[in-house]
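Take a look at the structure set out below.
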Amino acid sequence: MMKDFQLIGLEKLLNSDTINKIYPMVDHIDIRMDEDFVTPRGNRRLDVDIFLNDPTITEKNMYDNDFDPHYLVDYHIKNYSRYLGIENKFIINFIVWGPDGNIIYSWKD
């Protein structure tokens with residue numbers, strides 16, 4: 001189970017220059033743990049909001065602009081969580097938000 005300080009640490013790590021150097025279009029990332037959601041295998045769910053700062057990115061051109069939210073979530077979030085002692089027993093849903101507050105893309109695991 002992920003503790004509050006681990007969740008805050010993961011969010012701070014993701015909002016540091018570490019992700020921004022790879023994905024300069026990411027303004028910031030917010031993470032929430034859904035404590036009420038548990039799969040039959042005991043996995044928890046993380047809800048991730050990815051906020052972009054580039055108004056030209058859309059669902060149709062995000063990969064052309066070198067932004068892959070699936071890789072950001074599946075690789076970076078899952079790998080960085082290990083540095084904080086977080087068990088990799090969670091599924092991740094995410095929403096990509098444009099600078100205007102509209103949803104560009106979402107994924108439900």
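Observations on the structure shown:
- The rule of thumb for compact globular proteins, 2.2 N^0.38 Å, goes into the C-alpha radius of gyration of the chain 1.05 times.
- Net charge contributed by nearby residues that have their C-beta within less than 15 Å of residue 102 (K/R +1, D/E -1): -4
- Our summary gives the stretch 4-107 a relative contact order of 29 percent, counting only alpha carbon pairs under 8 angstrom and 6 or more residues apart.
- Selected from 24, 69, 55 as most flexible by GNM, with the chain as the system and alpha-carbon contacts under 10 Å: 55
- Whether the stretch 1-45 is rounded, prolate or oblate, judged on the alpha carbon gyration tensor where a/c under 1.5 counts as rounded: prolate
- Of all lysines in the structure, those lying under 19 Å Cα to Cα from residue 60, and not within fewer than 8 positions of it along the same chain, are 108.
- Cβ crowding within 10 Å, taken as a proxy for footprinting-reagent exposure, orders 107, 97 from fewest neighbours to most as 107, 97.
- Tilt relative to the chain, helix 4-14 - C-alpha long axis, 0 to 90 degrees, to 10: 30 degrees
Each value in this text was obtained by applying a stated rule to the coordinates, not by laboratory testing. Just so you know, these numbers come straight off a predicted model, no measurement behind them. Cβ atoms come from the backbone with ideal geometry, glycine included; neighbour counts cover every protein chain shown.
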